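The values are calculated or read from the model by the stated rules, or taken from the named source; none is laboratory data. What you are looking at is a predicted structure, and each value in this text was computed from that prediction instead of being measured. FYI the Cβ positions are ideal-geometry reconstructions off the backbone, even for glycines, and counts take in every protein chain you see. Just the protein is used for accessible areas: all its heavy atoms, side chains included, with ligands, DNA and RNA removed. Shrake-Rupley method; radii C 1.70, N 1.55, O 1.52, S 1.80 Å.
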Amino acid sequence: MTQIEREAMEYDVVIVGAGPAGLSAAIRLKQLDADLNVVVLEKGSEVGAHILSGAVLDPVGLDALLPDWKDRGAPITVPVREDKFYMLGEAGAMRIPTFPMPPLMNNHGNYIVSMGNVCRWMAEQAEEMGVEIFPGMSCSELVYGENGEVKGVVAGEFGKNPDGTPGDSYEPGMELHGKYVMLGEGVRGSLSKQVIEKYDLSMGREPQKYGLGMKEIWEIDPEKHREGRVVHTMGWPLGKNAGGGSFIYHLDNNQVYVGFVVHLNYENPYLFPYMEFQRFKHHPMVAELLKGGKRVAYGARAISEGGYQSMPKACFPGGVLLGCSVGLVNVPRIKGNHNAILSGKAAAEAAHAALAAGRSGDTLKEYEGELRYGPVGQDLKKVRNVKPLWSKYGLTASLTLGGLDMWTNTLGFSLFGTVKHGKTDAEATGKAARFTPIDYPKPDGVLSFDRLTNVAYSFTNHEEAQPAHLTLKDASIPVGKNLPDYAGPSARYCPAGVYEFVREEGKPTRFVINFQNCVHCKTCDIKDPAQNIVWTTPQGGDGPNYPNM
């Protein structure tokens with residue numbers, strides 16, 4: 001194959017991903033040295049288009065990065081006014097008191113936000129400082145230097161034919177070189193996966209664990225709206241089938257975020273996470289809240305849940321991993337944005353010090369130390385056992401054991417040490433023969449919706465005349481192995497209806513990938529039992545266009 005010739009642009013620091021981690025790194029670099037050349041590359045059509053988060057924001061990260069964020073007009077205006085926790089049964093709910101919970105679970109001082117809008121605002125702050133931000137620029141390849149270090153990325157490649165050959169309007173993109181490259185792609189980023197494997201960054205660490213988070217924005221009856229209310233639930237409808245739970249956050253303008261998280265280490269391949277979410281909305285407590293309202297947006301994405309013991313090494317020759325590329329979510333708090341911001345700030349400080357000393361392209365070990373032992377590591381270490389205890393002993397026992405462990409960690413010790421996760425989420429999937437299919441109610445089109453109808457509310461679009469960004473390592477596995485052994489779980493674990501097994505009379509079953517539906521959640525890359533599906537970035541600007549997730 002002919003080597004593609006590309007123009008190259010040189011920067012001090014190249015940042016992939018305009019999420020909270022990448023943008024905080026860019027801002028901090030400019031705070032430290034206004035003359036640094038910093039570029040941020042974002043695959044979404046605009047900053048915020050691919051951002052999906054709960055979100056209740058702990059402002060500790062922004063306080064450290066931009067202490068005057070209120071004066072700067074940050075879209076962070078709805079303080080949490082009340083916290084409610086419920087254990088759900090099919091017909092009722094039991095309120096869980098908050099007084100026995102460790103102090104770290106308190107949401108006092110936190111805010112209900114759209115992280116998409118927070119990132120849009122952060123991008124404005126960065127651009128005012130002179131950061132170059134290019135949305136619609138997917139980074140499709142890493143560029144390596146002579147010594148095997150990462151020295152840049154390929155961005156802005158457009159116009160390939162479906163078979164991967166250059167089309168009539170092909171644009172080869174550019175190489176953007178940096179003295180350091182920062183990867184803030186979010187959960188399971190395609191470039192991050194490559195560097196973790198190439199430099200063996202997960203050696204000695206537990207496997208990363210994940211959840212699938214699905215979210216709808218609803219406009220509800222003003223009489224039922226309680227601005228600043230935060231509700232979390234556990235229990236029904238998941239029961240013993242899977243770990244997970246829900247969130248309902250009342251923001252302003254009579255809107256609520258309704259979200260549902262399913263831990264991806266579930267065994268039963270018949271589990272249908274999306275339909276569990278839809279069923280949840282028919283619980284009497286939730287149905288009453290949503291009655292008379294309307295859903296205005298939908299989206300989904302994977303969440304990193306492995307915590308402290310699953311963090312890969314975050315630095316490599318020539319660059320670093322930021323935010324959810326490392327996996328910095330505090331699972332019991334259901335918060336990671338504050339740690340993402342702090343990680344970007346720490347990476348910027350390490351890179352600035354190295355650049356000031358005349359270094360480039362080496363390993364920023366200072367960042368690794370700050371991330372693991374500084375405020376982020378301290379935040380995650382206190383709660384490191386909650387997720388593995390839940391996985392091992394189930395919901396009820398883990399409430400007691402996990403709560404006890406968080407209390408003792410607050411005092412500086414743990415009765416459990418560090419509990420291991422064990423299997424990957426893919427390995428946790430059980431054979432279909434051990435389980436019975438789950439009968440899910442048909443969506444009613446009022447409270448619950450089928451996947452394709454809901455995907456339209458994610459405003460997802462992909463140019464069809466491009467190579468599919470979802471590929472199979474072995475095309476025979478879906479029908480030859482996953483269908484007979486696991487009942488074809490990809491048809492269920494995908495929250496966007498990308499995968500289907502098509503049966504036609506007299507013909508063998510076909511496996512179809514409808515990549516145009518993909519909302520970039522990356523669940524398939526995580527949960528496929530054979531690890532046969534590979535998610536890569538499509539051409540720039542494609543994917544969901546979330547308005548204010």
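Scanning region 243-257 for residues that are polar (S, T, N, Q) and open to solvent by less than 10 Å² (accessible area, probe 1.4 Å) yields a count of 1.
Where strands (runs of 3 or more DSSP E) fall wholly inside region 144-189, the ranges with 3 or more residues that are farther than 28 Å from Met115 by Cβ and without any contact (Cβ under 8 Å) to a residue 24 or more places away in the chain are 166-171.
Results for (1) surrounded by fewer than 17 Cβ atoms within 10 Å (Cβ to Cβ); (2) in contact with a helix residue (DSSP H, G or I) (Cβ under 6 Å, 6 or more places away or on another chain); (3) of a type in the set (A, V, I, L, M, F, W, C), shown as yes or no for each residue.
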residue: His338; (1), (2), (3): no, yes, no
residue: Ser343; (1), (2), (3): no, yes, no
residue: Glu349; (1), (2), (3): no, no, no
residue: Leu355; (1), (2), (3): no, no, yes
residue: Gly358; (1), (2), (3): yes, no, no
residue: Gly361; (1), (2), (3): no, no, no
residue: Leu364; (1), (2), (3): no, yes, yes
residue: Val376; (1), (2), (3): no, yes, yes
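Can you spot a residue in region 397-414 that is assigned to a loop (DSSP other than H, G, I, E, B), open to solvent by 20 Å² or more (accessible area, probe 1.4 Å) and in contact (Cβ under 8 Å) with a residue 24 or more places away in the chain? Checking region 397-414: at least one residue is assigned to a loop (DSSP other than H, G, I, E, B), open to solvent by 20 Å² or more (accessible area, probe 1.4 Å) and in contact (Cβ under 8 Å) with a residue 24 or more places away in the chain. Does Thr418 count as hydroxyl-bearing (Ser, Thr, Tyr), open to solvent by less than 70 Å² (accessible area, probe 1.4 Å) and over 21 Å from Phe85 (Cα atoms)? No. When region 190-215 is filtered for residues that are under 23 Å from Asn147 (Cα atoms), open to solvent by 20 Å² or more (accessible area, probe 1.4 Å) and assigned to a loop (DSSP other than H, G, I, E, B), the ones remaining, listed by number, are Tyr199, Asp200, Ser202, Met203. Residues of region 74-99 that are within 19 Å of Asn330 (Cβ to Cβ), of a type outside the set (A, V, I, L, M) and assigned to a loop (DSSP other than H, G, I, E, B): Thr98 alone. Screening region 23-61 for residues that are assigned to a loop (DSSP other than H, G, I, E, B) and touching a Leu at 6+ places or on another chain (Cβ under 9 Å) and picking the one that is surrounded by the most Cβ atoms within 10 Å (Cβ to Cβ) gives Val47.
For region 424-442, residues that are in a helix (DSSP H, G or I) and among the charged types (D, E, K, R) total 1.
State all residues of region 64-73 that are open to solvent by 30 Å² or more (accessible area, probe 1.4 Å), in contact with a helix residue (DSSP H, G or I) (Cβ under 9 Å, 6 or more places away or on another chain) and either of a type in the set (D, E, K, R) or outside any loop (DSSP other than H, G, I, E, B) (or both); if no residue qualifies, say none. Answer for region 64-73, where residues must be open to solvent by 30 Å² or more (accessible area, probe 1.4 Å), in contact with a helix residue (DSSP H, G or I) (Cβ under 9 Å, 6 or more places away or on another chain) and either of a type in the set (D, E, K, R) or outside any loop (DSSP other than H, G, I, E, B) (or both): Ala64, Arg72. Within region 297-336, being of a type in the set (A, V, I, L, M, F, W, C), in a strand (DSSP E or B) and either out of contact with any helix residue (DSSP H, G or I) (no Cβ under 7 Å at 6 or more places or on another chain) or under 18 Å from Gly374 (Cβ atoms) (or both) holds for Ala300, Ile303, Cys315, Val320, Leu321.
Of all the numbered requirements in (1) small (Gly, Ala, Ser); (2) more than 27 Å from Gly259 (Cβ to Cβ); (3) in contact with a strand residue (DSSP E or B) (Cβ under 6 Å, 6 or more places away or on another chain), Ser490 misses one, and that requirement is (2). Here Met182 meets each of (1) over 28 Å from Gln3 (Cα atoms); (2) surrounded by 23 or more Cβ atoms within 10 Å (Cβ to Cβ); (3) not charged (D, E, K, R) with one exception, condition (1). Here Glu267, Glu288, Glu305 are screened, and the one residue that is modelled with pLDDT of 95 or more, among the acidic types (Asp, Glu) and more than 22 Å from the chain's Cα centre (by Cα) is Glu288.
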